[in-house]
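Bear in mind these aren't lab numbers, they're just calculated from the coordinates by the rules spelled out. The shown structure was predicted, so the numbers you read here are calculated from the model rather than taken from an experiment. Using ideal geometry, Cβ is built from the backbone for each residue, glycine included, and neighbour counts are taken over all protein chains shown.
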Amino acid sequence: MPPWGAALALFLAALALFGLLAPRVLRAVGARTLPGARGQDHEEEADGEGAADQFSDRREALPGGCRLICKPSALAQCLLSALRRSAALEPRPRSWLSGPHLQTLCHFVLPVGPGPELAREYLQLADDGLVALDWVVGPCPRGRRVTNAGGLPAVLLVIPNAWGRLTRNVLGLCLLALERGYYPVIFHRRGHHGCPLVSPRLQAFGDPSDLKEAVTYIRFRHPAAPLFAVSEGSGSALLLSYLGECGSSSYVTGAACISPVLRCREWFEAGLPWPYERGFLLQQKMALSRYASALQDTVDTHKLFRSRSLREFEETLFCHTKSFPISWDTYWDHNDPLRDVDEAAVPVLCICSADDPVCGPPDHFLPTELFHSNPYFFLLLSHHGGHCGFLRQEPLPAWSHEVILEYFRALTEFFRTEERMKGLSRHRASFLGGRRRWGTLQKREVSPSSNLEEIFSWKRSYTR
């Protein structure tokens, strides 16, 4: 681990210790400073249920107190049946990991451990920039399942958070997906996680142009394999922007977002609780500090590294540039992840928690009308889980990982059944049409008034 990584880990560990030993102090700070902080278990239950109850319209009860919020459809019914059978949602005894701050901070602080074996590829983009693709190649477990009936493993594209930190939950998801027969690949933006920044241009919060080229390359390498996508936290803005811009040409079979930030502009402007604001801001400053000299001709690096909030950092980096400055409003016109959401043509499952301390209360950060009106978007809302946590007792993986892979399996079975039914319908229509055409031809042949010109004209008009 690099020195700055150790410093960040110590900083977040101190925050975790503070959240563990002083819950009453956290609660006394107030809902605006640390929303979601509760000292007693029964208070957490009551508050979580109250937040979930605000989504009473078109919600379906699931095991473990979860709720599925969506527009009724055949796909929604299929997903609901799969989730009701899911062992990952079964109620579990509460543990010391139940608190939202511990769920969140353990996700970011705990060491990643040995992790999977990664094979890195650098992809040169059209503007000569570089992004990195980490293919998960091992360890290969025995009895590895196959996700596709054709025998080809489905590719799972994983998009980490927008800060560039590769968390233990992302690596845990990759290991579980590899065990279940997927071929995971992690997408790293320019300058993130060891990817060199070869040009003074970074990827904006919701700009999917680099991701488009990466998906094109993945399809080139695996043209016949199904492609699924998962994003974590703030990285969901990139995935949703891609799905909205590409529409039915996204090549993605299904997508899932873990604790997505959906109302991004309001999220930046309102600010995060101070421990998370400082932690994420420190992470970004440390990641970009190595490129300070390369960026000084593009942005005001002195102001950038003296930023005191995530909004100030984002605005300085992408709006107040020296070559092409733009306004804050213009920036979000091009980077709001929901700007083209009506064009998305891929099922998307969003897994959120009512006690998320980073995003805030569900009635503030979740656009309920999206899930009530769009048949492609599904919201799985739980009482507990923190931000991107959803942890269980070791060695069990996060239950959100299990649910996502079960959701992808349900999608695969649903689409396979739909294709089978369409094939039967086409076969039946073709068979009946053939019989009708043969009978008509016979009648035309024996009709004394029929002639070659009439038959030829009929054939030509039929086959147009």
**Fill in**
Within the range 311-381, DSSP-loop trypsin sites (Lys or Arg not before Pro) with at most 15 other C-beta atoms within 10 Å are LYS322
**Prompt:** What FRET efficiency would be calculated for the residue pair GLN124, ALA224, taking the C-beta separation as r and a Förster radius of 30 Å, to the nearest 0.05?
**Reply:** 0.75
**Request:** Using 0.36 nm per residue of separation minus the Cα-Cα distance, give me the extension gain between SER73 and ILE326 in nm, one decimal.
**Result:** 86.9 nm
**Complete:** trypsin sites (Lys or Arg not before Pro) in the range 241-286 lying in a DSSP loop, each with at most 16 other Cβ atoms within 10 Å of its Cβ, come to none
